[in-house]
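Report on one structure; see the data block that follows.
The values are calculated or read from the model by the stated rules, or taken from the named source; none is laboratory data. Remember, predicted model here, so these are calculated numbers, not experimental data. Glycine also receives a Cβ, built like all others from the backbone with ideal geometry; neighbour counts cover every protein chain displayed.
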Amino acid sequence: MISKPKGTRDIYGREAKIWKYVEELIDATMDKYNYTYMRTPVFEESELYHRGVGESTDIVTKETYDFMDRGERHMTLRPEGTAGVVRSFIENKMYGDNLPIKVYYNGPMYRYERPQAGRYREFTQFGVEVLGSNDPMVDAEVISIAVNIYSMLGLENIKVNINSLGDTESRDRYREALINYFKPHINELCSDCQERLLKNPLRILDCKVDADNELLINAPTTIDYLNEESKKRFEDVCSYLDILSIKYEVNPKIVRGLDYYNHTVFEVEADIEGFGSQNVIGAGGRYNGLVNQIGGPETACMGFATGLDRLVLALEKEEIKLPINEGTDLFLMYVNEDEKKYALYLAQELRMAGFIVDTEYTGRSLKAQFKQADRLNSRFSAVLNSEDLDNNEIKIKNNKTKKEAVISLDTLIYYLDENLNAGENEFGDDADKFLREHDKSCDGDCCCGDNDDDCSCGNCHCH
Ligand code: ATP
Ligand code: MG
């Protein structure tokens, strides 16, 4: 048997419905914020991620899926979304457009990691990027998007940690201070951190191995190295978050490993029991240096990414009930070939009218089809009986109340609409009453007796 590659998952059934719900909510929310959807390639030239110069990050040094294509070009499966968006921003000269560019993406990312719950080799990230504004209001807006999406999904137990690395000057001073602080104690750090000391000392503070080491706990904090301008900027971000009633904690230990971050950095933790160390569901920050590093003009940017796998896991762990559409509106049953053809035709008509319709595909007996309607959780079911069809009628059964009604096929759409959307069937099984109220077809004589073209009785469709 061929099995899926290590660290990948098949998402199907109920879980896939949750994913779809989450993704639709994201799309609808991003529309409100006026961010446009963007897709970039899943693989890019390796150079985009392995930029040679700069500091080291786990993502780039240990986690990328690199390969040579048949044309002997070095390619990398994207480990994150920002670099691709920035590459596209530069390549498509978006910096010449009306700034800022506000975009979001949602798609698979690849990292060669040790798989465990909430940590996969293929996972999905939704992220937003704002390119071309250094306004602290953007920082607050981006953080608020993350928080609002989690809270709209009903995820209450989250914690937002924010910090500021300051501008380049502040960050450099802090970097220097960290090196001086750790240098005499280098042997007390894990082997990865020893390597990080000169390349990316900030990343030491993020280390999971050394997390409880006193050295890390007492390390200098970024806040003490912010210059006045950076301090003021950070205060502005905090005050804008207050305006949005976003709860956060200033946590000087949040540094984000990537070397292009400056000013605001943040992480959103799911404060959920049993979530283990993979509890950071989203993270982001300001990256004013990246566009320039990749070859574009100096551009102030801010973004964040959230792992949908971890987000969905959090929803499940918290047993959050989402309004996921379970079941179908109508299940069409039939026995003979003529009835089957009609089922095929009618299912299509009703689907185009907006109903969720299913029918029989495996030649089950009528009895087994009733069971199938139950299994599919169908709100209504109908047997397409040739005799009824000849009379232009259909027998329809409300599977909840078990009541049956014979109605004219012409009014089926009204009938379903009325019963499904009103929740209750106000007509019960009184199909005649239903027809009186809803049959708006006109036999030529206007029901109000007024046959003028400008009839305004509102009771019929004849004009
Ligand atoms: P971690 O510290 O857990 O390794 P990270 O700092 O590598 O996270 P980012 O690069 O900031 O994570 O990615 C943002 C989000 O993407 C994370 O908060 C997480 O939800 C998700 N994510 C990152 N790596 C994985 C993975 N291997 N599997 C599933 N989700 C992931
Ligand atoms: Mg990681």
Practice task
Kindly indicate which of I324, I320 is β-branched (V, I, T), surrounded by fewer than 13 Cβ atoms within 10 Å (Cβ to Cβ) and closer than 30 Å to G282 by Cα.
Solution key: I324
Completion exercise
Scanning the stretch 174-223 for residues that are modelled with pLDDT under 85 and of a type in the set (S, T, N, Q) gives N200, N213
Handout entry: Number of the exception - R114 against (1) within 20 Å of the chain's Cα centre (by Cα); (2) within 16 Å of ligand 2 (Cβ to nearest atom); (3) charged (D, E, K, R)
Key = (1)
Exercise for the section: Answer yes or no as to whether E269 is within 13 Å of ligand 1 (Cβ to nearest atom), closer than 30 Å to T221 by Cβ and outside the structural domain of L412 (by TED's automatic domain parsing). Expected result: yes
Practice task
Return the only residue of Y261, Y240, Y287, Y225 being more than 16 Å from ligand 2 (Cβ to nearest atom) and either on the phi > 0 side of the Ramachandran plot or in contact with a strand residue (DSSP E or B) (Cβ under 8 Å, 6 or more places away or on another chain) (or both).
Solution key: Y287
Practice task
Give I246, I254, I281 a once-over and let me know the one that is crowded, with 17+ Cβ neighbours inside 10 Å, assigned by TED's automatic domain parsing to the domain that holds E63, of a type in the set (A, V, I, L, M) and in a strand (DSSP E or B).
Solution key: I281
Completion exercise
Filtering the stretch 213-230 for residues that are closer than 13 Å to R171 by Cβ and part of a helix (DSSP H, G or I) leaves a count of 6
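Please determine whether any residue of the stretch 298-318 is in a loop (DSSP other than H, G, I, E, B), of a type outside the set (V, I, T) and closer than 30 Å to G132 by Cα. Before the answer, list the steps.
In the first step, residues of the stretch 298-318 are kept if they are in a loop (DSSP other than H, G, I, E, B); the result is 298-300, 318.
Right, trim to of a type outside the set (V, I, T) and you get 298, 300, 318.
If we keep only those that are closer than 30 Å to G132 by Cα as well, we get 298, 300.
Scanning the stretch 298-318 turns up at least one residue that is in a loop (DSSP other than H, G, I, E, B), of a type outside the set (V, I, T) and closer than 30 Å to G132 by Cα.
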Completion exercise
Only one of P41, P100, P79 is within 16 Å of ligand 2 (Cβ to nearest atom) and within 23 Å of the chain's Cα centre (by Cα), namely P79
Handout entry: Residue within the stretch 215-234 that is in the same structural domain as F123 (by TED's automatic domain parsing) and under 26 Å from the mean Cα position of the chain (by Cα) present
Key = no
Exercise for the section: Working only within the stretch 74-94, note down all residues that are among the β-branched types (V, I, T) and in contact with a Gly (Cβ under 9 Å, 6 or more places away or on another chain). Expected result: T82, V85, V86, I90
Fill in the blank from the handout: All-but-one check, Q125 against (1) polar (S, T, N, Q); (2) more than 15 Å from ligand 2 (Cβ to nearest atom); (3) closer than 16 Å to Y287 by Cβ, failing number (2)
Completion exercise
When the stretch 377-394 is checked residue by residue, the ones that are of a type outside the set (D, E) and surrounded by 15 or more Cβ atoms within 10 Å (Cβ to Cβ) are S378, R379, F380, S381, A382, V383, L384, N385, L389, I394
